[in-house]
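Have a look at the structure below, then the notes.
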């Protein structure tokens, strides 16, 4: 799959959200896409998925089967998990969704109405519908947000398995959930410009990552304080 | 595409939105056919019914297309293998819903609205008008759906004004500038629906096709 000078703006005379992006994706690539809020990550993912057309430039050789897991799954639908996934499976020509639901821990929730699901469980439904048809291109928008610990560990394994079978996996991710995968490619979006870097922030020997729980309102002050002391700090959990 | 159309119809029924259009249709039919029309005006009664049901069909089509959250529409497009298929599946589902309501209106008119069975040729012509009504409702509903007109206020005004404009224009000598709804009624009243049917059906079909093509164009633009 090839991106050649891909640019995108929502309306004429708007600024470019994506500016002259060039990239080549090969079978088996796993890509982590980072960037600040509003940098254009979701827009780039929509372009890759074929949901939006580039204002200029070309995206060529997109794999035939695309799986897309949105950052927020649309739960306002009158279905249970099973009926929804069954419908999606029929749309996909009878794809097997049951093993994926089992693997992501949706088993106990199959008869639950979509609108009654927690954020993390709804996110899993989004993942299952993306995974069920053995996609050649799997696009995950913030896949780790709100997931339980077990699924956080499973998802990188699933990404690696798909890549081994020749799929391209691309995930926008604030949480470095895929960091342990070998040969992970890192893309960063800054002001609409796509850059590829060797590694975002390597953890060297002797360093550890700790989790801190604190009131949401204290977060900016806490992060600023820790950074002032010279430590690398970032927010990994969305505030509830 | 069929599976996606079935998914959208299922959502429309399970969300109970279908009852809005169904109850409206039943209320309208109960009032219009409260007493049977005298013998000899069967074709006119059937043609009037085909015109009266159009705004309800447009409401049904719009409501069906708006049942799906915007984000699900994107997921559906990816699942079905492209925006084109998602748009086509939506139109197919909307037309299916309109066709069922239209058939209900025709059946009600035949069972409770007329005093005698119309001759087979007139019945065939009337059935064609109900199919054209379903197409007109699908096109008007699609063009006023959320994917085209995001504001609910603008959308509902556009639907009602669109129907009013169709009535006004088709009542004038420029009836060929829209789906000629009033001309259907006039022709049936004057007893020359059968002779004018090829012309009226062609004009109606052309405007429905133009409306649906405009919808497809607007949806595929992004």
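Please treat every number below as a calculation from the coordinates, not as lab data. Quantities reported herein were computed from a predicted structural model and do not represent experimental measurements. Cβ atoms come from the backbone with ideal geometry, glycine included; neighbour counts cover every protein chain shown.
When the helices of the protein assembly as shown are scored as -39500 (n - 2.57) per DSSP H run of n ≥ 4 and the total is divided over every residue, the value at 222 nm lands at -16500 deg cm²/dmol.
Hey, what's the per residue convex hull volume over the C-alpha atoms of the range B:117-195, in cubic angstrom? Intermediate values should be presented prior to the final figure.
Working: hull volume 7.7 nm³, N = 79.
Spread over its residues, the Cα hull of the range B:117-195 gives 97 Å³ apiece.
Entry note, chain B: relative contact order of 27 percent, from Cα contacts under 8 Å with a spacing of 6+ residues. Over the protein assembly as shown, the Kirkwood radius and the radius of gyration, each from Cα atoms, give a ratio Rg/Rh of 1.09.
What fraction, in whole percent, of alpha-carbon pairs in the range B:2-220 exceed 22 Å separation?
Working: 11749 of 23871 pairs.
I get 49 percent for the Cα pairs in the range B:2-220 exceeding 22 Å.
Given the options B:204, B:117, B:63, which has the most mean-square fluctuation in a GNM of chain B, springs set between C-alpha atoms less than 10 angstrom apart? It is B:117. Counting only alpha carbon atoms, the long axis of helix B:193-220 and the longest principal axis of chain B meet at about 10°.
Considering only DSSP beta bridges where both residues belong to the protein assembly as shown, give the percentage that are antiparallel (nearest 5).
Values: 14 of 33 bridges.
About 40 percent, rounded to the nearest 5.
Beyond 25 Å, the tail of the calculated P(r) for the range B:67-188 holds 38 percent of the Cα pairs. The C-alpha atoms of chain B define a longest principal axis, and helix B:42-52 lies at about 30 degrees to it. Roughly how far apart, in whole Å, are the Cα centres of the range B:161-222 and the range B:1-51? Between the Cα centre of the range B:161-222 and that of the range B:1-51, the gap is 19 Å.
The angle between the Cα long axis of helix B:18-32 and the main principal axis of chain B comes to about 10°, on a 0 to 90 degree scale. When Rg and the Kirkwood radius Rh are both evaluated on Cα atoms of the range B:24-111, their ratio Rg/Rh stands at 1.16.
Geometric descriptor of the range A:47-115, per residue, is 120 Å³ (volume of the convex hull of the Cα atoms). For the range A:1-97, the equivalent ellipsoid derived from the alpha-carbon gyration tensor has semi-axes of 29, 18, 13 Å in decreasing order.
For the range A:66-163, the extents of the C-alpha atoms along the principal axes are 34, 31, 21 Å, listed from largest to smallest.
Normalising by the residue count of chain A, find the relative contact order in percent from Cα pairs under 8 Å and 6+ residues apart.
For chain A, the relative contact order is 26 percent.
In square nanometres, what is the average projected area of the Cα convex hull of chain A?
Details: hull surface 58.7 nm².
Projected area, direction-averaged: 14.7 nm².
Counting only other chain Cβ atoms within 10 Å of each residue's Cβ, the peptide A:86-95 averages 5.
Residues considered: B:106, B:123, B:23. Largest GNM mean-square fluctuation over chain B, using C-alpha springs under 10 Å, is found at B:23. Highest mobility in the GNM of chain A, judged by mean-square fluctuation with C-alpha springs under 10 Å and restricted to A:222, A:79, A:68, is found for A:222.
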